[in-house]
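Input: a single structure, listed below in structure tokens.
The values are calculated or read from the model by the stated rules, or taken from the named source; none is laboratory data. As the structure is a prediction and not an experimental result, all values here were calculated from the model. Cβ sites come from the backbone with ideal geometry, for glycine too, and all protein chains shown count toward neighbours.
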Amino acid sequence: MPSQEELYTRIERLEKLVRISTLISSSLDIDTVLVQILEAAGEVMDAGGTSIMLLEEDTGDLLCQQATGRVGKLVCQVYRLPKGQGIAGWVAQNAQPVRLENVYDDPRFSPEMDRKTGFHTQSMLCVPLVAKDRLLGVAQVVNKTRHDTVVPFTSEDEELFTLFAQQAAIAIDNARLHRSLLTQERLQADLQVARKIQQSFLPERPPDVPGLELAAYYEPSFQIGGDFYDFFHLSPDELALVIGDVSGKGTSAALYMARFVSDLKIHALQERDPVRLVQVLNDIQHERSRFGMFITLIYGILNLRTFQLDYVCAGHPPLFRYRPGASCDTVQGESGFPLGIFEEAGYSLNRLVLEPDESLIWYTDGVVEAQSREGRLIGSDWLSRFLEAKALTAPQLAQRIVDEVHRFGGQESFYDDITLMVLRRKREDEP
């Protein structure tokens, strides 16, 4: 039967446990939670050293996250233990506590850490950290000390530390969930910034050009990309058009796109030859290629008197030419490498004349690489089959294409941006 002093000690430790459980549950910062857990464990268990090791998801190894005691900092710098090795590894693998009076008497104990740190481990109590039936890691206390003497941990210590570990695991799991939610919020904020950057460099509306209809559609993906398009006058008789796609996703792609569009407009006003302009832009991008990004694009100049389009393609999907009552065909033309890959990439001039009631469809790969829920690619052959023979205005044509991409994908958002421009020459009898 326990003595009165032992009963008082038990009550005091249980009161500490209740108080500490409240304390470690009061914070959602994972680092703060871990420190509080270890400080509390050392206090409740009279331990000379405490440590928490959490499972690394990719490898299954145990990594020391926090440790206290004389060599605690050094332990966390060098401690990595495969699951199943050592006392902690065995506890993690079997999800059972281990209590040892002298660790050197147990063949599972690895003395390597003692040799590296100069610490001498004697008694040990190691328990699993489990939350929602998931193993998070292990908690460990060593060298229980009474009156400057190392003594064994008792079965009562094991029971108390197991209760403590249950509360600690819940606190760790909650803190991790909180960190995950904060990360998601930051990512969402990052995507919002990227979308605003991207959209600020896109035209608010197509220009009014006599004899032409222009329509554009841009839909950002759930992972923002680097799509862009633009049309701007070089002179009263010349309209520049461009559509392109920066490799990569996120804010970096949006910022890269913004910088490129600025370069494009500056140099387009100085260099009227499409081939030389694209070569200049390629040189600029190659200088920045250390970032590992490249750009595909089609850049062209439309003569508003003759409706002749001179354009250059740099690794971008080809134009479609739509003739009501006839067909919707891929425009066969020369294409060079995407910008930024090779220093002296060669580019060729393509030329066509837009006839009355004909449309040119400019698009990025999100239009032809949309996937169904089953993983099938939409491709490009469907355009010639899908578009009706009757004449369509540029806005109608753009909307029909977008609607079909959405119907095929069967989802509200896509992995890649959907960007589309339609350029249609009006008939002579149209206002």
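Points to keep in mind about this one:
- Screening 256, 299 for residues that are at pLDDT 95 or above and either of a type in the set (Asp, Glu) or within 21 Å of residue 363 (Cβ to Cβ) (or both) leaves exactly one candidate, 299.
- Looking across 280, 261, one residue alone is assigned to a helix (DSSP H, G or I), in the same structural domain as residue 204 (by TED's automatic domain parsing) and within 30 Å of residue 188 (Cα to Cα). It is 261.
- In segment 216-250, residue modelled with the lowest pLDDT [restricted to those that are farther than 21 Å from residue 313 by Cβ, in contact with a strand residue (DSSP E or B) (Cβ under 7 Å, 6 or more places away or on another chain) and assigned to a strand (DSSP E or B)]: 219
- Some residue of segment 374-389 being closer than 24 Å to residue 429 by Cβ, at pLDDT 90 or above and more than 37 Å from the chain's Cα centre (by Cα): no
- Residue check: residue 42 meets all listed conditions (1) crowded, with 16+ Cβ neighbours inside 10 Å; (2) in a helix (DSSP H, G or I); (3) without any contact (Cβ under 8 Å) to a residue 60 or more places away in the chain but one, namely (3).
- Within segment 331-351, the set of residues being in contact with a helix residue (DSSP H, G or I) (Cβ under 9 Å, 6 or more places away or on another chain) and either among the hydroxyl-bearing types (Ser, Thr, Tyr) or in a loop (DSSP other than H, G, I, E, B) (or both) comprises 337, 338, 340, 341, 342, 343, 344, 345, 346, 347, 348, 349.
Residue by residue, here is whether (1) modelled with pLDDT of 75 or more; (2) in the same structural domain as residue 404 (by TED's automatic domain parsing); (3) assigned to a helix (DSSP H, G or I); (4) under 22 Å from residue 68 (Cβ atoms) holds:
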| site | (1), (2), (3), (4) |
| --- | --- |
| 135 | yes, no, no, no |
| 144 | yes, no, no, yes |
| 161 | yes, no, yes, yes |
| 195 | no, yes, yes, no |
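- From 175, 216, residue being surrounded by 20 or more Cβ atoms within 10 Å (Cβ to Cβ), among the aliphatic types (A, V, I, L, M) and farther than 20 Å from residue 51 by Cα: 216
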